[in-house]
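Right, one structure below, let's go through it.
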Amino acid sequence: MGLAQRRLCCSQPKGQANIVLGARRSAELETLAGQINHSNGRAVFLSGDVKDEDYANALVDLAMKEFGRLDGAFNNAGVVGEMGPVADMGLGNWNDVIAVNLTSAFLAAKAQIPVMKKRGQGSIVFTSQRRLRRQPFSYFPTGRPS
């Protein structure tokens with residue numbers, strides 16, 4: 001999904017795509033930001049844990065510092081967790097899947113909505129993975145906003 005996002009942003013007219021990237025892996029973020037900056041956009045990044053409320057706030061703060069506004073957000077964090085039937089899943093795995101796939105979306109929106117409301121506009125998109133809505137991933141959609 002990240003590559004498709006980059007292609008879409010880079011297809012915009014020069015200067016149109018200002019993007020804050022966030023994920024766990026700094027090296028991948030740096031590569032993606034470089035591709036966007038080399039193309040038609042401007043990107044900054046911050047690595048962190050989407051389960052951390054301070055990280056969600058820091059991403060919004062970075063957007064405001066670098067670009068002066070937040071027009072929209074594309075919240076795409078997700079993990080699959082252990083594969084197998086729900087009856088065989090451990091509680092720790094369940095909690096991690098819910099924290100990454102659901103709680104992180106809540107934390108992101110909680111940070112994003114106030115700055116969008118202050119400006120009087122904005123859009124937030126949440127994504128899920130439809131292909132995982134069958135065994136052995138039957139628990140996955142529970143923790144993914146659609």
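Here are some notes:
- Strands (runs of 3 or more DSSP E) (entirely within the range 32-146) containing at least 3 residues that are at pLDDT 95 or above and surrounded by 14 or more Cβ atoms within 10 Å (Cβ to Cβ): 41-47
- Whenever a residue of the range 21-40 is in contact (Cβ under 8 Å) with a residue 24 or more places away in the chain, its partners that are in a loop (DSSP other than H, G, I, E, B) and of a type in the set (Gly, Ala, Ser), lying with C-beta atoms within less than 8 angstrom and at least six residues away or across chains, give the pairs Gly22/Gly48; Ala23/Ala77; Arg24/Gly48; Asn40/Ser11; Asn40/Gly15.
- Applying the condition of being at pLDDT 90 or above and under 20 Å from Phe126 (Cβ atoms) to the range 1-28 and asking which residue is surrounded by the fewest Cβ atoms within 10 Å (Cβ to Cβ) yields Arg24.
- Close pairs (6 angstrom Cβ cut-off, 6 or more residues apart or separate chains): touching a residue at least 60 places away in the same chain (Cβ under 8 Å) in the range 77-89, assigned to a helix (DSSP H, G or I) anywhere: Gly78/Asn101
The values are calculated or read from the model by the stated rules, or taken from the named source; none is laboratory data. Keep in mind that this is a model prediction, so the values were computed, not measured. Methodologically, a virtual Cβ is constructed for each residue, glycine included, from the backbone with ideal geometry; neighbour enumeration extends over all protein chains shown.
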